[in-house]
Every structure is written in structure tokens, then in C-alpha cells.
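Reading through the C-alpha cells given below for one structure.
Please treat every number below as a calculation from the coordinates, not as lab data. Because the structure is a prediction, the values reported are computed rather than measured. Positions of Cβ are generated from backbone atoms using ideal geometry, with glycine treated the same way; all protein chains shown enter the neighbour counts.
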Amino acid sequence: MVRDLCMFAGFNEDSQIVWFKVTYSKEPGSLSIITDFFEKENAFIMFGHIDNITQTTGEYSIFTELKKDVDMANLAQKIGELEVVNAVEFGISEFGMIYSVDFPLNVIGVRGVMARALTIVDIIKTLNQSVPHAEGLLTLSGLRGGSHAAKYFKSIMPINNSNFASMLAELYRAVGWGILEIDCNPETYEGKIIVKDSFIADVYGASDQPVCAFMSGYFAGYLTEYFGKNISVREVSCKATGKNFCEHVISLAPSSASQEYQLRGDTR
Amino acid sequence: MIRQPNVILGNDELLVTMGRKGDILGLFYPRRDHAQHVEESLACIHTGERLLWTNDNDWHSIQNYIEDTNIVSTKLYHDSGIRISILDLVHPEVPVLIRRFKVQSQQKMSGKFFYYSNFNVGETSKKNSAFCDTEARLLAQYWQNYYIGIYALPEFTEWQIGKAMDTIWWTNSKYDMEDGKLQRNKEDIGNINNAVGWDLELEADGANEFVIFIGAASSRSLLYKRMHELSKMPLEHIFEKTREHWVMWLSKKHVLKMPGLEGHNNLRQELFNAYNRALLMLYLLNDREYGSFVAAPEFDSNFEKCGGYGFCWNRDTSEVVLALKHSGYPEYCDRFFKWCIRAQLPDGSWFQRYWLNGDIAPSWGNFDYSTQIDETGSTLHAMDVYYRILEGLKKVEFLEEVWVSVLRAAEYLMKRTKSGLHESCMDLWETYYGVFTYTNASIYAGLMGASHLAEENGESGMARRWKKRAEFIKQATIDRFWLQEGYFAKGIINEKLDKTIDASVLGAYMPFGMLSPKDPVERDMILFLIENIQKKLSIPINAGNGIKRYENDSYIDGNPWIITTLWLSEAMFAFVLDLPNGKEGPYAEDVKKLTDEGVKCLRWALAGATSTGLLPEQVDKSTGKPAWAIPLGWSGSLMLDNILLLDKICRRNAGNHE
């Protein structure tokens, strides 16, 4: 969980946010050895988190901002060679989605909160069970969020056809919503988004119908704001219905009524 | 989502409730209780860059009625220098709301003026249908035989009808407005919303004007005809006609004089205004066809935080129609008592609350133990009070008309009071089961009233029997509930005497007259009641004290209420008038003190009104702002009663016994 909190710097094109997860032997002074090493390498620790996994082993997650020319693999290897270290993992954030772990948490420019996926899915479930047009309501709710995200990205960094998809994917990973594979043609506005480990589908339980309308709406809002065209996103395959992953189809929203109904699969 | 209005307007068929920024919260047609056709309806400006919704926090508003009318002026000021003046009126004869928007900007701007609506025609979001007739420039939405239409001058140049809550979000009119142009879809079905738009080209300090007609009808052709005819009339003509309608209606009122109040910091004028506003407000809560009243325009139709208010309670309405009668409008009594005859239950009682057509409303009082017997007592009492002030042939005809109903109701009260105190039922606050002072007092008054009517009808045997029972109830109530601390207990709850002090025990004096100031012992009891309620239930706010319902009240945060505060002042004023010799006699000191205290209560109630002068049910104990049901008819009727009593006191003090 802590690993997903790793990206907490504002966007800086010369640097990148890097996280290291260091598994170490819990001996007197072992943490000092690790932190001394980082200091010598000019890797300023912006945030650290310690998990006491066992009586003898600990896990130290470190978040740091480093110049882009630093060889991360080499640095990780050096950490791994420290006497007290058992294993090292690392990862890089290109866009810095979460930039503060102080209270209150800040996610892409506005206050964020953390919640168990179940907490949010309970809300979604209650809506689906009790409210007419719940799918529409969830789509509209997601739409706002996606639109705000794209607006924020536009305001803080250059966003273009080469990075709009990876920014969205990084955001999703950072906030723990899912792992995205985005294939979207900016010329035709068509494509698809695969969501692996969607937090909604993962904890929703079995369902006859796709349950990730909120995410479809979020994608639609993001892409609509980025492209400046109304984009339709609908979930055609959902893990909650027994599939391996969720799939959302992207297309340009139709401008006439008859097409809308065709899009929804209705016979007219 | 619960949203309380700041202002209401309408005519006999249409009732509109609005927020302080001119956003429509409710549009009731053809009755005040059904159907409510609007979820959202408001103006919005697209500046060329973004939307400015007129109900956003960025707007500051000033809202008031045009004097002595139900015509509303709302002025909106945006930080960006845009200003909108809205004039809202409902044509006196047809159910059409006319909204004139005058948009001004300090800076040159090029954008759009949009009017957005989310109608739930027929009070449902299901199976609605809407179309935009681009030739007639009429946008209409309908469900069964309810039609709501929008027409405008100048004619709107763009429009959208789309799905309000659907995955095909790009048809949603609210989203469609965001890019500053509408898609012009001409028809759709289901849960839909709509928007119409115009170019907004403003020079610095220039102005654009848009007049929007929102009409209701029972058929498509009638809607077209109404809109067409209205659009031909100059707005100034409609305005004058509407203003004249209200001024003429108010001219029938009992005229106040209030001599001697001239020097009280404008109090006299404030009371004149409050009197007129209460009358104009009550007009809008009344159903002309059936004679019933909604307690307040409904604002919680899903019963999310309360049981709702858009129904008719006999308890409230009995006081409302009598107040209107005292104010010069006897026709409301006539129609309401006719309604009562139709609505009476087979056992002779009246139900907790009704739809305005007399059908029983959603209720948590369906059994003998959960019914509210005081409603039957109040109704009988009101019938007798009305009878006593009628004259000549009218008196005879009224008695003939209500007699059977009186007989059935009185026998019901007899059946429920065999041991003196009433059998267990629900209290007037609709919260507790048990035996209550207020309910017993209302039954006393009901049976005394019935006894008088029986006597007048030549049924002296019945009259004696009912009077004897009334006196038995009075004695039992005093014996069992009067406390040595100097007030009545609330009643018996869970078979135990509940000594909580409850403002409703004032009912033993006003309005039910179970205690009489003419009896020296009872006179002291009344004074003790007034003193103890004032001492124990006062909540300081708005530079005065409001009276909460009872100790440890938790409903909507235990705020002070207008009716409890005005009960107190009404008791004070009535007591003053009941004392012999007024300010010159042996009770001169009491007279002065009670009058002054009563005036303080009145001032407090006025301070808790909306910016438009509407009296709410409650006043927020922390902010001093109007709270919960707005406007509450019962609050308005008590304001009328209080002002009329104070007028009498002033006249008596001035030596005028007119």
C-alpha cells in the first residue's frame, strides 16, 4: 500500500520521483546504514515508511527525488550490496501524481482522501441497488472527476498525444484504482482501455452486469477534456462478470439521436 | 436533497417556490400538494469561457416582494461585475410563471444566456417526454395530462433536450451548455432535461432582457393557446393586472390602526407589513377548489428528514381559517368546514393529515393508539367559534350544514374520554404516545363547542351530556396534570407522569379556553403558565428570546419555534384583553408588562422571517436564520391573531372600543 504513495513531488522535467523498497535485517544501526548511504548519494529522502514484517526483518520504503541522469538500477544494486540489506525493489514516477503525505493528502492539486476500496464500492453498490438510473449517475459522477484531472494536468505540465495516456495510467496506479493499458488513437478518438485489478470490479463481487460505470465516466471526462470533443466510453467487459479484466471502449460520441441508441445496443 | 425556499408565488392553480437566488425549487400544479413538476429550473450565463450558474455561491442576492403583492424581485450580483435583475410573477388567471431577466455587465462581454430546467412532470422522472417545436418556439415536456412548457421573448435561438441521468452523458443539457452552444436535439423520452439559449452580447454597462414564460396545462393544445395568448400581451400590462389582483384582494382585509405604536422604532409599519404578508402567503397555501390548506409547500417529498409538510392537518388549518376570518376573509372557513364534512372518517374523527382533495395522506397515525385526537377537538372548537361570529341566515345554514358532522365528532370524543382523560393517542408534535394536557384541552373545547351547537340546534339533552363530559375532562386534567411548580405536566407517557414543560400546555388557555381569567384561581394558573414557559423554554437569539417546544426537544436540533413563541404572546395579549379596566385598573402593571413582553415575542418572530418576510416553522438557534418548513401557514395564522389582538389592545388603550 505504501508503495502507491510514492509519488509526491510536483512536476519537474529534470527530475523524477523514485521509490525504493528495502528489506533489511533488524539489527542495531541497520536503518542508519541505509539512510547514511542515501545521504552520500545525494538522494534526499522525502518520505519514508517502515514496516516491521517479522521479528528479524523489516521493510523500509523510501521516496526520493533524483536527477533523470542517475542510473537507478546501479543505485539499487549498491543499496542491495549493503551488509544489512536483504533485497531491494524500486520504481519510477514520471509525472508525480501525489505530492504530499502531510495532512491533508493532496492528489493532483486538490485534497485527496484514502479509503478502503470496499468503502467506495459499498456506495456504488447501494446506488445500484436503490437508485434509478444509477449507472447514469455514476457515469456523470466519474465524468466530473476525469475532466478535473485532465484540466489539472494541462495547467501544470505539457500534455500531448505522447503522454496523455501514460499520465492517466500513472494516476490510476498512484491512487490504487487499477493498472491501465490504454490504446487510443488521437486522430480517430477510438480505442480501448484495459483495466487490470479495477478496485471496483475486484471487490464488488459477482455481477451479471458490468459495474465500473464510474470509471467509464472518469475516462470519458478525461478524454473529452483532453481532446476537446465529446468522447463516449463504455465498459464492454468487466471482471465482476467473470472476465479476466475490465475493458472500456472509446469512441467519438455520436451527434444524432439515432446513433446514440445504436451505441447503446438498442434496436430502433 | 432538501432545499428550503426563500419566497413563494402563484395563483389559484399554480404554486411556485424559489430559492434566494431565483432558482425554482418547486412548481406545483394544479394543486398545492400535487403534482410538483420541477427538480431544477434556473438561469445560467456562459461568459465565453465558462458557465456561471445563478445559484452558485459567487452570486450575492437581494430578494423581496413588490409591496402588497406576490410579485418577486431578485437582484443578483456576481464578483465579475455581471448583474441580473429578475422579476417573477404568476398571471392571476392562468397557471403561467413569467420571469423577466435583465442582464447587465460592467465590461463588454460576448457569451450566452441559458435557461436550464430539469422537469419531473407529473412528479416523476419516469416516462416523461419532451419536444421543441422550433416553429412555435415552444419547448414542452409532458406526462399523461400534465404539460409544462417554456416560451420566451425574444424567442430562444438554440435548445437541447437530453437525458438527465444516463450513460450517454453528452446529450445531457447541463453538460451540453458547457461549451457555450446547444446541440438542438428536438425530442427525447425518459428522465430528461432541457435548456434554451440566446446570444448575449453586452457593451460595457449595457443590458439584455429575456422574458421566459413557464406554463402549465392539462393538454398540448391548451398549453399552446395559453403561451400564444400571453405572448401577445405587453409585460407591463400583465404586471399591472397582477399587482392590481393582489392589492384588490388585500383591500378586503380588516383594517389595522394600532394607535399608540407610532413611536416604537417602526414597529407599527413592520406589523402592517407582516399582516399583509401573512395574508398573501396564506392565499398561496389554500386550495381554492377544496378549501383545504397545505401546512407548508412540500420541500421533503421523499421524507428524508421529516414526515413532509405538503398536506392538510385539521389542527393547523382550524387555526388558519379562523385567523383569516378574523382578518376579514370568512370564505375560507366556509370552504374548509365543507371539506371537513367530506373528509371526516366513519368513526367521526379526523385523520392525522390529508391530501388537499380529502384523501388520507401518508401517515404514522393509522390506529386508535396512534391517531391524534386533538385534531377532532380542534375542528369542533373551530366550527363553534365560527358559528358564534356568524349572523342571521348564514348562522342557521351553517349549523344545518355541519350538524351531523358535529354530532359524529362529539360522540367520537365521548367514546375516547370515558374515564375523563382521553385514551392513549399521539401528541400534537406527532412524537409521543400517551395522554396529554394539550389534547385534553382541545377535547374540552371541542365538546364545549359541540354542546353550544347542540343547544342552538334544540338538542339540549345532548348539549348537557357533552358539556358535562367537557367539565369532567377539565377537572381531571387539572387534578392529574397541574403541578405545584405552577404549570401543567406534558402528560402521561409510558404510564408515568411526564413533568417536562411543554409550550403546548398554553393551549389550556389559548386557543381552547379551558382556563378562564375570569376565575381568580384559573387567572393565577394562566399567569404561572406564562411565566414558567417563558422562564424555562426561552432560547436567546436574534436579540430576543424564542420559545422552544419543550425541554430536551431534539427535532431539527431543538430550535425555538415561531408558533410556540407566538402562542406565548397570544396568551399574553389575550390575557391583557380579558383583564378588566385595561391599563387604568388594578391590573395596570400586569397589562403593561404582558403587553411589552408580547411585543418582544412579535419582534422576535419578525426577526426570524426570510428576507421576503415569510415566517418559517423554526428559527435556527445558532444563526438566527429561518429554519425548516418555509413558510409555515400556522406561523402566519398566529401572526395574524397576535397582530389583531395587539390592535385591540392599542385601540382600547387609546380609548377606542370599535
| note | Candidate span helices, chain B: DSSP H, at least 15 Å along axis from Cα coords, Kyte-Doolittle average at least 0.0, result B:267-285, B:392-415, B:437-456, B:520-537, B:562-578, B:633-653
| field | Value at 222 nm in deg cm²/dmol, rounded to 500, when DSSP H runs of n ≥ 4 in chain B each add -39,500 (n - 2.57) | value | -12000 deg cm²/dmol
| request: Let me know the whole percent of all Cα-Cα pairs from the range B:31-126 that are separated by more than 14 Å. | output: 73
| Computed FRET value (nearest 0.05) for residue A:92 with residue A:183, which takes r as the C-beta separation and R₀ as 30 Å | 0.85
| task | For the range A:31-150, compute Rh as the Kirkwood radius over C-alpha pairs and then the Stokes-Einstein diffusion coefficient at 4 °C and 1.567 mPa s; write the answer in µm²/s, rounded to an integer. | result | 71
| query | Using 0.36 nm per residue, how much length does the chain from residue A:56 to residue A:236 gain when fully extended, once their Cα-Cα distance is taken away? | reply | 60.0 nm
| message | Out of the GluC sites (Glu not before Pro) in the range B:427-499, which ones are loop residues according to DSSP with at most 12 other C-beta atoms within 10 Å? | response | B:485, B:495
| Of B:352, B:307, B:329, whose Cα points farthest to the positive end of the dipole of the range B:305-383 (charges on the beta-carbon: +1 Lys, Arg; -1 Asp, Glu; origin at the Cα centre)? | B:329
| task | Give the shape of the range B:1-160 as rounded, prolate or oblate, defined through the alpha-carbon gyration tensor: a ≥ b ≥ c are the square roots of its eigenvalues, a/c under 1.5 means rounded, and otherwise the shape is prolate if a/b is larger than b/c and oblate if not. | result | oblate
| Looking at the P(r) of the protein assembly as shown, how many percent of alpha-carbon pairs lie beyond 51 Å? | 36
| At what distance in angstrom do the alpha carbon centres of the range A:13-78 and the range B:180-229 lie from each other? | 63
| message | Need the list of lysines near residue A:68 for cross-linking: C-alpha distance under 19 angstrom, and skip anything on the same chain fewer than eight residues off. | response | A:40, A:78
| remark: Two pseudo-spin positions, 7 Å from Cα along C-beta at residue A:251 and at residue B:431, lie apart in nanometres by 5.8
| Intensity falloff of the range B:398-460 expressed as log10 I(q)/I(0), Debye formula with alpha-carbon point scatterers, at q = 0.29 Å⁻¹ | -1.21
| request: Place +1 on the Cβ of every Lys and Arg and -1 on the Cβ of every Asp and Glu in the range B:151-239, take the dipole about the Cα centre, and give the residue among B:152, B:237, B:218 whose Cα lies farthest towards its positive end. | output: B:218
| Computed over chain A, the ratio Rg/Rh where both radii use C-alpha atoms and Rh is Kirkwood | 1.04
| remark: Partner aspartates and glutamates whose C-alpha sits under 15 Å from that of residue B:225, ignoring same-chain residues fewer than 8 away, are B:93, B:133, B:135
| query | Can you work out the FRET efficiency for the pair residue B:126 and residue B:543, with r the C-beta to C-beta distance and R0 = 30 Å, to the nearest 0.05? | reply | 0.05
| request: Return the ratio Rg/(2.2 N^0.38 Å) for chain B, where Rg is computed over Cα atoms only. | output: 1.02
| message | With n ≥ 4 as the cut-off for DSSP H runs, can you work out [θ] at 222 nm for chain A, using -39500 (n - 2.57) per run divided by the number of residues, rounded to the nearest 500? | response | -11000 deg cm²/dmol
| What residue among B:579, B:556, B:566 has its Cα farthest toward the positive end of the dipole of chain B, where the charges are +1 on Lys, Arg and -1 on Asp, Glu, each on the Cβ? | B:579
| message | Under the rule a/c < 1.5 gives rounded, and otherwise a/b versus b/c splits prolate from oblate, where does the range A:98-197 land using the Cα gyration tensor? | response | oblate
| query | With a ≥ b ≥ c the root eigenvalues of the C-alpha gyration tensor of the range B:182-250, is it rounded (a/c under 1.5), prolate (a/b larger than b/c) or oblate? | reply | oblate
| task | Could you sort out which of B:75/B:621; B:338/B:592; A:125/B:127; B:75/B:648; A:154/B:75 sit more than 31 Å apart by Cα distance in this structure? | result | B:338/B:592; B:75/B:648; A:154/B:75
| query | In angstroms, what radius of gyration and Dmax does the range A:115-263 have, counting Cα atoms only? | reply | 14.8, 42
| Do any GluC sites (Glu not before Pro) in the range B:282-330 lie in a loop, going by DSSP, with at most 15 other beta-carbon atoms within 10 Å of their beta carbon, and if so which? | B:289, B:304
| Of A:229/B:232; A:151/B:181; B:108/B:625, which sit over 32 Å apart, Cα to Cα? | A:229/B:232; B:108/B:625
| request: Any chance you could tell me what percent of the C-alpha pair distances in the range B:470-595 go past 18 Å? | output: 54
| field | Folded to 0 to 90 degrees: helix A:134-156 orientation relative to chain A principal axis, Cα | value | 50
| How many angstrom lie between the C-alpha centres of the range B:486-500 and the range B:298-321? | 27
| For the range B:419-443 and the range A:154-224, distance of Cα centres in Å | 62
| said: For a quick check of your reading of the filter: which trypsin sites (Lys or Arg not before Pro) in the range A:193-237 sit in a DSSP loop and have no more than 13 other Cβ atoms within 10 Å? | reply: A:229
| Electrostatic dipole magnitude of the range B:1-46 [Cβ: Lys, Arg +1; Asp, Glu -1; Cα centre; debye, to 20] | 180
